[in-house]
1. Please note which strands (runs of 3 or more DSSP E) are completely contained in the stretch 90-132 and include at least 2 residues that are surrounded by fewer than 15 Cβ atoms within 10 Å (Cβ to Cβ) and in contact with a helix residue (DSSP H, G or I) (Cβ under 7 Å, 6 or more places away or on another chain).
2. Which of (1) part of a loop (DSSP other than H, G, I, E, B); (2) of a type in the set (S, T, N, Q); (3) over 17 Å from K71 (Cβ atoms) is the odd one out, the single condition T141 does not satisfy?
3. Mind listing just one residue for me: the one in the stretch 157-182 that is among the small types (G, A, S) and assigned to a strand (DSSP E or B) and, of those, nearest to Y210 (Cα to Cα)?
4. Which condition from (1) at negative phi; (2) over 27 Å from the mean Cα position of the chain (by Cα); (3) open to solvent by less than 50 Å² (accessible area, probe 1.4 Å) is the one that T141 breaks?
5. Considering only residues that are polar (S, T, N, Q) and in contact with a Phe, Trp or Tyr (Cβ under 7 Å, 6 or more places away or on another chain), look in the stretch 183-215 and name the one that is most open to solvent (accessible area, probe 1.4 Å).
6. When you scan the stretch 272-314, how many residues do you find that are of a type in the set (S, T, Y) and within 18 Å of A341 (Cβ to Cβ)?
7. Just give me the residues in the stretch 144-155 being of a type outside the set (D, E, K, R) and within 34 Å of the chain's Cα centre (by Cα), in sequence order.
8. Could you list, ordered by first residue, the pairs with Cβ atoms under 6 Å in which the first is in the stretch 198-211 and acidic (D, E) and the second is surrounded by fewer than 23 Cβ atoms within 10 Å (Cβ to Cβ), at least 6 apart or interchain?
Amino acid sequence: MKSKMKKVVWIAVLVISLTTILGIPSLMAEVEEQSDIDWDETKLASFDLGLIDEDDDVEISEEELIIDKSKAIEVEEDNTMSTQSYYSVDGDRMYFTDTLTNDDPDDWWFFSLEEERSFLFELESDQTDYYIQLYLVDWDTGNAYETSIGSSPNRLYAGGYIPEGDWALRVYSNDQLGNDYTIKMNATNPSGAVGVLSRSSSLLYVALSYDSGDIYLNGDYIANLSGNNSHLDWERRYQFNWDGNYNQRTHTVSSVKVSNVSAPVRYQSQYASSANALLIYLDIDTLFMHHESYFRSGPPTQYESSFVDTIGKVTPRRLDQDDFDYWGDHILVYDIENNEAIDFFSVLNYYYASGVERTPTISFLQ
């Protein structure tokens, strides 16, 4: 990759950076000469956020959820039992820390689902004797029935199907007690998931993919890996008018193709911000356009227009393999609360490529 970092780029990229600062109008189309800009490794790396660990693959388990009614444990709806702790969780997510002791060796975490869902959980602990087991709860009989789904500590379970009903995750020890543990669970997304695209460390945020190509994050539809994503279209337009003159610059991203999504982040740039955003990694064939123009009423009257982007390619065009092999990530920032794309972090974004605006600040939500 280092040997291919030099790219043929219109020299006007540098010219525009200077003229923007000095207030002198200039356009890429004014410059016919080409030159090499030395994109050093540090600058290139700034467009490769590296927020997705490609080696951290989590597969959806194909294990069938089997309920064994011969293995029943009596439970009480008022959640009172001298040697066990009962916790009723309101909702379809949990993230709690507790301890198993001689006086409290068995913890039950109850939750209810009104419809079938996909299901992830994990027990984190330094105590390898701890175990987590899923139970179906029947409050009419007062029994909890063991299922075939369980896991030892520090192993994430992801399943595509858990039926509606009352459930419990039981945390207990096969031997030693006294250690803390953290229980994490997310059952927010529709059933039938085939892949885990991203998740927060707490599992309070989980993005799953489906055979249809749909992507859901905590039950909300985000995008489709191969279909129509017109709701992700993004435009940034700048126009400065004075005395019958204007300077104009427009970026657009449309016909979005998605390769991956990050876990939710807090995003802050000079142009946009969000307390709950998703980084949508674009794929080949996404449509990109960059247009710059100016008009001077004169005399003499002047008008210039250019569709050349920051790496010297004419737009509108679809992103190709070269854009990803040599120019880092191309990312749409999607505000989850308002369901809209709010920024485009890429070497193709003039404001970031030229250094006019600083690299955004990004931090993961727990």
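1. Per the criteria, no element qualifies.
2. So T141 meets the others, but not (3).
3. G160
4. Failed condition: (3).
5. We begin by selecting, within the stretch 183-215, every residue polar (S, T, N, Q); these are 186, 188-189, 191, 198, 200-202, 209, 212.
Restricting the remaining residues to those that are in contact with a Phe, Trp or Tyr (Cβ under 7 Å, 6 or more places away or on another chain) gives 189, 191, 200, 202.
Numbers: N189: 2, S191: 34, S200: 5, S202: 1 Å².
Per the stated criteria, the residue is S191.
6. 4
7. Looking only at the stretch 144-155, we keep the residues that are of a type outside the set (D, E, K, R), and these are 144-145, 147-154.
Scanning the stretch 144-155 gives T147, S148, I149, G150, S151, S152, P153, N154.
8. D211/V194
The values are calculated or read from the model by the stated rules, or taken from the named source; none is laboratory data. As the structure is a prediction and not an experimental result, all values here were calculated from the model. Heads up, the Cβs are rebuilt from the backbone with ideal geometry, glycines too, and the neighbour counts pull from every protein chain shown. In case anyone asks, the SASA skips ligands and DNA or RNA and just uses the protein heavy atoms, side chains included. Shrake-Rupley method; radii C 1.70, N 1.55, O 1.52, S 1.80 Å.
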